[in-house]
Amino acid sequence: MPGTLRLPARVHFGYGARAQLPGIVAGHGTRVLAVVDPFLETTPHFAAILGALTTAGLDVRTYSAITPELPVGTLTAGAAVAREHEAEVVLAIGGGSALDAAKLIALLAVHDGPLARFYGENLVPGPVAPVVAVPTTAGTGSEVTPVAVVSDPDRELKVGISSPFLVPAAAVVDPELTLGAPAGVTAFSGIDALVHAVESYTARPLPLDWSAPLPVFTGRNALTEPIALRAAEKLGPWLPTAVRSPGDRDARREVALGALLAGIAFGSTGTHLCHAIQYPIGALTKTPHGLGTGLLLPYALDVLRAEPEAAQRIARLGAAVEGIPERDASAERTIARVAGINRAIGVPATLAELGIGRDQLPQIAELALKSARLLAIAPVEPTRELLLDILRRAHSGALDDRSAA
């Protein structure tokens, strides 16, 4: 089994790690565009970071016109600000949307648009402006990944741009910055991180031609497998605690570490079924991305366990999540544990609870099939019928063949 890792040149994790920012940012230039979630712009944490950068002699301009769906126009406007400021480095502070926005602004600051030129995989022609990524939520892993997702009014679904050139130059993960995240954000971003770990670990092995340019996501990966398991080990027991007790510093640290590790894992491996199916569900229901992927996870695993090797891998994931010996683990136990985590953190149990009708499931399956690059990484053949099987189970809440019929 081959292995690939694409990571920032520097990754720092721990309480207080943000103190490294002046030196890291200055290493890439003195003219800085700070891309910041709008609600963070007036917080003490951002004021302190900005003050430290200014004291270090950096010329910082702030751009905060960030919205969760990342419409193309806001990114084009951000790139215009970056060019006007002659920014040498982009500092990204916020949740996954802010980090994705910063990566795409850094792209457009160097390479002429429109952004649609780069939709898809490996279409970014060269390096972008260096990005220093500082997440304030624990979940997306965008601080270490080669992908960003954007909303285009001309497209039915969100569009991904994937390129090794989008991997940030540095990532600084300080759990202190996640302490203010609301319970819902913690829950849905955290369960999405668990999905990243699970889908990375269960990915299909892809044939690689080492003499040609590699795909961005390379499938099952010898280097990321232990990282994905470690991520699951952190997220499984600690995510419910972080949601229930948001001021618990130990829980915040462990969930932030789990999310970072999951990002490292899927940033090379890729994700598959839950993500492909969530994109049309998110567009239809306007619900958070992590809510959708988390809701789908136990049902996707329930379908996958019919394949013997996938069942073994699901069992190993369950052993990591529960901290039990592999001999005591099973795919069924893992699925029950994941469903229990969802209940504990407030993830809806069924698609029906999101207002989706059973008659809408075939259209959702058809739209999910358009995510061909994601589905290619699934460990089983991703047919329309397989997607419909997952959707039907998720709609009814059935976790076995008989009750899903």
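The values are calculated or read from the model by the stated rules, or taken from the named source; none is laboratory data. From a predicted model like this one, the values you see are computed outputs, not experimental measurements. Neighbour counts run over all protein chains shown; Cβ positions are idealised from the backbone, glycine included. Just the protein is used for accessible areas: all its heavy atoms, side chains included, with ligands, DNA and RNA removed. Shrake-Rupley method; radii C 1.70, N 1.55, O 1.52, S 1.80 Å.
Annotations for the structure displayed:
- Some residue of the stretch 253-275 being among the basic types (Lys, Arg), in contact (Cβ under 8 Å) with a residue 60 or more places away in the chain and touching a Ser or Thr at 6+ places or on another chain (Cβ under 6 Å): no
- Selection from the stretch 104-116 of residues that are under 14 Å from Arg83 (Cβ atoms) and either in contact with a Lys or Arg (Cβ under 9 Å, 6 or more places away or on another chain) or open to solvent by 10 Å² or more (accessible area, probe 1.4 Å) (or both): Leu108, Ala109, Val110, His111, Asp112, Gly113
- Restricting the stretch 109-152 to residues that are out of contact with any Gly (no Cβ under 9 Å at 6 or more places or on another chain) and polar (S, T, N, Q), the residue that is farthest from Leu369 (Cα to Cα): Asn122
- One residue stands out among those in the stretch 178-194 that are hydrophobic (A, V, I, L, M, F, W, C) and open to solvent by 10 Å² or more (accessible area, probe 1.4 Å): the one that is nearest to Ala231 (Cα to Cα), which is Phe188.
- Residue list for the stretch 140-181, restricted to those being of a type in the set (Ser, Thr, Tyr) and outside any loop (DSSP other than H, G, I, E, B): Ser142, Ser151, Ser162, Thr178
- Qualifying residue in the stretch 160-175 (condition: at pLDDT below 95 and either over 13 Å from the mean Cα position of the chain (by Cα) or within 30 Å of Ala315 (Cα to Cα) (or both)): no
- Listed conditions (1) surrounded by 15 or more Cβ atoms within 10 Å (Cβ to Cβ); (2) more than 24 Å from Gly3 (Cβ to Cβ) are all met by Lys286, apart from (1).
- Cβ-Cβ contacts under 6 Å between residues 6 or more apart (or on different chains), taken from a first residue in the stretch 2-23 that is assigned to a loop (DSSP other than H, G, I, E, B) to a second residue that is surrounded by fewer than 16 Cβ atoms within 10 Å (Cβ to Cβ) and modelled with pLDDT under 95, are listed as Pro2/Leu208.
- All positions within the stretch 65-87 that are in contact with a helix residue (DSSP H, G or I) (Cβ under 6 Å, 6 or more places away or on another chain), in a helix (DSSP H, G or I) and open to solvent by 20 Å² or more (accessible area, probe 1.4 Å): Val72
- Extreme residue, nearest to Leu179 (Cα to Cα), among residues of the stretch 46-64 that are open to solvent by 30 Å² or more (accessible area, probe 1.4 Å) and either part of a strand (DSSP E or B) or basic (Lys, Arg) (or both): Thr62
- Residues that are farther than 20 Å from Ala256 by Cβ, among the small types (Gly, Ala, Ser) and in contact with a Pro (Cβ under 7 Å, 6 or more places away or on another chain), drawn from the stretch 179-224: Ala203, Gly219, Ala222
- Among the residues listed as Ala138, Ala101, Ala197, the single one being within 23 Å of Pro38 (Cβ to Cβ), open to solvent by less than 10 Å² (accessible area, probe 1.4 Å) and at pLDDT 95 or above: Ala101
- Scan of the stretch 32-45 for residues that are surrounded by 15 or more Cβ atoms within 10 Å (Cβ to Cβ) and either free of Cβ contacts under 8 Å to residues at least 24 places away in the same chain or among the polar types (S, T, N, Q) (or both), ordered by number: Glu41, Thr43
- Test set (1) touching a Gly at 6+ places or on another chain (Cβ under 6 Å); (2) open to solvent by 10 Å² or more (accessible area, probe 1.4 Å) - Arg155 fails condition number: (1)
- Residue count for the stretch 211-224, restricted to those that are open to solvent by 10 Å² or more (accessible area, probe 1.4 Å) and either touching a helix residue (DSSP H, G or I) at 6+ places or on another chain (Cβ under 7 Å) or touching a residue at least 40 places away in the same chain (Cβ under 8 Å) (or both): 7
- Residue match in the stretch 263-270 (condition: open to solvent by 30 Å² or more (accessible area, probe 1.4 Å) and over 12 Å from the mean Cα position of the chain (by Cα)): no
- Qualifying residue in the stretch 342-359 (condition: closer than 22 Å to Ala378 by Cβ, buried (at least 18 other Cβ atoms within 10 Å of the Cβ) and without any contact (Cβ under 8 Å) to a residue 24 or more places away in the chain): no
- Checklist (1) surrounded by fewer than 17 Cβ atoms within 10 Å (Cβ to Cβ); (2) under 29 Å from Lys286 (Cβ atoms) applied to Gly29, failing item: (2)
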